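Here the structure is laid out as structure tokens; the discussion comes afterwards.
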Amino acid sequence: MLVDPVMALWSDRLFQAALVVLLIALVFGALEYAAARVARVMPAAAPEPAAVGASGGAVPDGPDTVEEPPETGDRPKRARPDRYGRIGVSLMVLAALLHLGSIVFRGLAAYRWPLGNMYEFCSALSLMAVVGWLVLVRKHPSLRPAGVFVLTPVVLLMFLTGTVLYLQAAPVLPALQSYWITIHVTTITIGSGLLLIPGVASVLFMLARNGKPASFAAKLPSAESLDRLAYRVTVFAFPLYTFGIITGAVWAEAAWNSFWSWDPKETVAFVAWVLYAAYLHARATSGWRTSRAAWINIAAFVTIVFNLFFINMVVSGMHSYAGL
């Protein structure tokens with residue numbers, strides 16, 4: 001038996017469930033953002049006038065005029081945006097667990113490493129973006145309001161993955177039947193998934209820094225925190241991306257007798273690597289470490305997206321066997 005149909009069915013159902021739960025988490029993230037924005041623009045309530053006695057003077061506060069609220073021992077109620085945000089994060093955790101189960105069952109169904117085509121690659125990439133964001137929110141809760149902008153492209157990518165890019169579980173082509181698929185594709189997937197976060201963060205940084213539109217930028221985390229977020233995640237993900245390119249070259253030499261063939265996908269991946277290296281250099285260079293560096297990071301992120309969709313789906317090359 002080349003494929004276990006029961007495992008394959010479970011994989012598909014878990015992927016669909018993860019997408020639905022993540023979509024609900026996106027709704028709660030949007031509610032958190034909207035509720036917090038409304039709370040910010042609402043004017044502060046005016047203080048109530050002091051009580052006036054019969055003689056026209058203000059009655060002084062005292063034990064007889066101020067009633068202390070009874071101590072019930074209950075925790076204070078959380079603000080509505082905070083409740084929305086916590087529900088959204090909890091749903092993201094559930095979605096990540098369902099998604100991980102989908103990937104595991106996919107591998108069990110096909111009796112191989114579950115990164116053999118575009119469907120599986122994009123599925124794992126989406127999971128890494130969600131897991132990376134959950135780790136960041138755990139360490140820096142103040143960044144949580146930006147989660148709606150991270151989840152939006154992830155949900156869109158998962159929707160495209162489950163519809164346009166979907167393939168039934170099956171054995172991979174002979175060229176992919178190598179232990180290098182575990183090393184090369186896994187590191188590229190982790191690096192690319194994590195690099196989605198700094199790309200979004202740099203876009204939000206430019207909006208927060210310019211303060212336009214004002215009602216939108218006012219709710220975002222501070223420009224400084226978004227800039228640090230983009231830089232720190234890139235510092236972590238860039239070595240993984242670099243290692244993925246190097247292992248891809250080694251695998252290419254073993255499979256095609258050439259470390260580098262200037263295949264379209266290889267070339268665009270190298271362009272993205274150069275841009276991310278330029279971004280990290282710009283962040284360490286006086287006069288470039290703010291908006292100029294952010295623009296470089298955005299350009300690198302656009303290049304990753306271009307490589308993921310246009311190069312894989314439109315341009316033919318030596319990597320065209322990857323599920324298309």
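The values are calculated or read from the model by the stated rules, or taken from the named source; none is laboratory data. Everything quoted here is computed from the prediction, not taken from an experiment. Glycine gets a Cβ as well: all are built from the backbone with ideal geometry, and neighbour counts include every protein chain shown.
Scan segment 204-228 for residues that are among the aliphatic types (A, V, I, L, M), surrounded by fewer than 18 Cβ atoms within 10 Å (Cβ to Cβ) and part of a helix (DSSP H, G or I) and jot them down.
Across segment 204-228, the qualifying residues are 207, 214, 217.
Does residue 322 fit the bill of being modelled with pLDDT of 90 or more and among the small types (Gly, Ala, Ser)?
So residue 322 does not fit the description; no.
Of everything in segment 248-268, what is touching a helix residue (DSSP H, G or I) at 6+ places or on another chain (Cβ under 6 Å) and either buried (at least 18 other Cβ atoms within 10 Å of the Cβ) or at pLDDT 85 or above (or both)? Give them in sequence order.
Residues satisfying the conditions are 248, 251, 264, 265, 268.
Are any residues in segment 275-290 closer than 15 Å to residue 202 by Cα and small (Gly, Ala, Ser), and if so, which ones? Step through it out loud before you land on a result.
Filtering segment 275-290 down to residues closer than 15 Å to residue 202 by Cα leaves 275-276, 278-280, 282-283, 288-290.
Listed by number, the residues that qualify are 278, 282.
Name the residues in segment 173-199 that are in a helix (DSSP H, G or I) and either without any contact (Cβ under 8 Å) to a residue 60 or more places away in the chain or among the basic types (Lys, Arg) (or both), would you?
Of the residues in segment 173-199, the ones in a helix (DSSP H, G or I) are 174-176, 180-199.
174, 191 - these are the residues of segment 173-199 that are in a helix (DSSP H, G or I) and either without any contact (Cβ under 8 Å) to a residue 60 or more places away in the chain or among the basic types (Lys, Arg) (or both).
Condition check: at pLDDT below 95, more than 30 Å from residue 11 (Cβ to Cβ), of a type outside the set (A, V, I, L, M, F, W, C) and surrounded by fewer than 19 Cβ atoms within 10 Å (Cβ to Cβ). Does residue 85 satisfy that? Before the answer, list the steps.
Details: at pLDDT below 95: yes; more than 30 Å from residue 11 (Cβ to Cβ): yes; of a type outside the set (A, V, I, L, M, F, W, C): yes; surrounded by fewer than 19 Cβ atoms within 10 Å (Cβ to Cβ): no.
It is false that residue 85 is at pLDDT below 95, more than 30 Å from residue 11 (Cβ to Cβ), of a type outside the set (A, V, I, L, M, F, W, C) and surrounded by fewer than 19 Cβ atoms within 10 Å (Cβ to Cβ).
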